[in-house]
1. Taking the conditions exactly as written (of a type outside the set (A, V, I, L, M, F, W, C), assigned to a strand (DSSP E or B), surrounded by 14 or more Cβ atoms within 10 Å (Cβ to Cβ) and free of Cβ contacts under 8 Å to residues at least 60 places away in the same chain), does GLN252 satisfy them or not?
2. Please give the number of the condition PHE239 fails out of (1) under 27 Å from ARG53 (Cβ atoms); (2) out of contact with any Asp or Glu (no Cβ under 8 Å at 6 or more places or on another chain).
3. LEU241 passes all but one of (1) part of a strand (DSSP E or B); (2) under 15 Å from the mean Cα position of the chain (by Cα); which number fails?
4. Please enumerate the residues belonging to the range 255-275 that are among the polar types (S, T, N, Q) and in a strand (DSSP E or B).
5. Go through the range 281-305 and count every residue that is assigned to a strand (DSSP E or B) and without any contact (Cβ under 8 Å) to a residue 60 or more places away in the chain.
6. Can you tell which of GLY71, GLY34, GLY56 is of a type in the set (Gly, Ala, Ser) and in contact (Cβ under 8 Å) with a residue 60 or more places away in the chain?
7. In the range 230-241, what residues are open to solvent by 30 Å² or more (accessible area, probe 1.4 Å) and in contact with a Leu (Cβ under 6 Å, 6 or more places away or on another chain)?
Amino acid sequence: MNYLISILLIFFSFSSMAQLKSLDYLYRFPEKGGSVLEYSIYWSLDEMEFDDRSGGVEEFFEVDRSVLVAGINYRYSISDRFLIAFSTHAEVADFDTHLEDENDSETPEKSPFAFYDPSVDLRYRLIQENEVFFDIEASIVWGATNSSKTPLNRTVSPFDGQEYYKIAAYTGIDFNTFSFMGVIGANFYNGGVNQSEFNNERLKAQDSSQVLLGFLGQAKVTKNIRATVGFNFLSADAFDLTGATERVNLDQSTQQNYYIEFDYLKFQNSLGIISFKVNQRIDRYNLLINNNDLYVADNTFLDFIFKVEKWF
């Protein structure tokens, strides 16, 4: 009888070790040799508005677009605590892109079907427990494709299309009824070239940086459904963009990102985790042209995202 009890205890201890932790669904960090593949497609509805505060004209210039974007992310664990990840995305369909002036006159545009923002991430897990993890991450993102081709460059969007480096720290905590993950970090931009709609010059941006702060909470709704809500905030210092004869000063730049996501786990061991996410990003910043004309940007990006995440 004692032998039977011992065998059962050993069996249940191994079974509990094999069970997945709630924190795995916040961010899956595979064991050595393991990997995670994410592929996604999302419909992006974007509206970028500029008010001419010097001339008192609201919606002086506007960019509207509706595009379909596909993305892929792959991460591989070199060890139990160190992984490398690769990601990129590309527009695959342009349903509508146009420019609009203060008289509501529309000029059709087309987005390029190019790969955007390829990145490489290195992530190290300093602390790994059942209820807590703590990671540090270093990334590089090559965004130069955007600045020369996408219609967004017409808005002098300060960070689209710029190469940057990112460092960040993440912590995940399991509170039994829900899980929490927070992030703090910074992005360092390596200049970049932007096209100004408010003159006809291409402008070279100064090196700049952003501070990143974010969090998300995740709860189990049913046996096969998890729900996640999250928020990210980015803030940047003022910097200049200069051309041959023009200069643009950018300040009061903030980005706010809100999202809600539902994960369906029934096919986790076959197809993968199926997710649907609604994400809204709001960018605001001021543009002072040649110390004279002031434009205020209020840009909204709304994404409906379908994603599959497969663990190997």
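1. Values: of a type outside the set (A, V, I, L, M, F, W, C): yes; assigned to a strand (DSSP E or B): yes; surrounded by 14 or more Cβ atoms within 10 Å (Cβ to Cβ): no; free of Cβ contacts under 8 Å to residues at least 60 places away in the same chain: yes.
So GLN252 fails the test.
2. If we test PHE239 against (1) under 27 Å from ARG53 (Cβ atoms); (2) out of contact with any Asp or Glu (no Cβ under 8 Å at 6 or more places or on another chain), just (2) comes out false.
3. (2)
4. Of the residues in the range 255-275, the ones among the polar types (S, T, N, Q) are 255-257, 268-270, 275.
Across the range 255-275, the qualifying residues are GLN255, GLN256, ASN257, SER275.
5. First pass over the range 281-305, keeping only residues assigned to a strand (DSSP E or B): 281-289, 293-305.
When the remaining residues are screened for being without any contact (Cβ under 8 Å) to a residue 60 or more places away in the chain, the result is 281-282, 284, 286, 288.
Matching residues across the range 281-305 total 5.
6. Numbers: GLY71 fails: in contact (Cβ under 8 Å) with a residue 60 or more places away in the chain; GLY56 fails: in contact (Cβ under 8 Å) with a residue 60 or more places away in the chain.
From the options GLY71, GLY34, GLY56, the qualifying one is GLY34.
7. Taking the range 230-241 first, the residues open to solvent by 30 Å² or more (accessible area, probe 1.4 Å) are 231-233, 235, 237-238.
Matches in the range 230-241: PHE233 only.
Every residue, every condition in (1) touching a strand residue (DSSP E or B) at 6+ places or on another chain (Cβ under 9 Å); (2) under 20 Å from LEU20 (Cα atoms), yes or no:
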{"residue": "THR245", "(1), (2)": "no, no"}
{"residue": "ASN249", "(1), (2)": "yes, no"}
{"residue": "SER253", "(1), (2)": "yes, no"}
{"residue": "LYS266", "(1), (2)": "yes, yes"}
{"residue": "LEU271", "(1), (2)": "yes, yes"}
{"residue": "ILE289", "(1), (2)": "yes, no"}
{"residue": "ASP303", "(1), (2)": "yes, no"}
{"residue": "LYS307", "(1), (2)": "yes, no"}
{"residue": "LYS310", "(1), (2)": "yes, yes"}
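The values are calculated or read from the model by the stated rules, or taken from the named source; none is laboratory data. Worth saying up front: this structure is predicted, and the values here are computed from it rather than measured. Ideal geometry is used to build each Cβ from the backbone, glycine not excepted, and the neighbour counts take in all protein chains shown. Ligands, DNA and RNA are stripped out before the accessible areas are found, and what is left, the full protein with its side chains, is counted by its heavy atoms. Shrake-Rupley method; radii C 1.70, N 1.55, O 1.52, S 1.80 Å.
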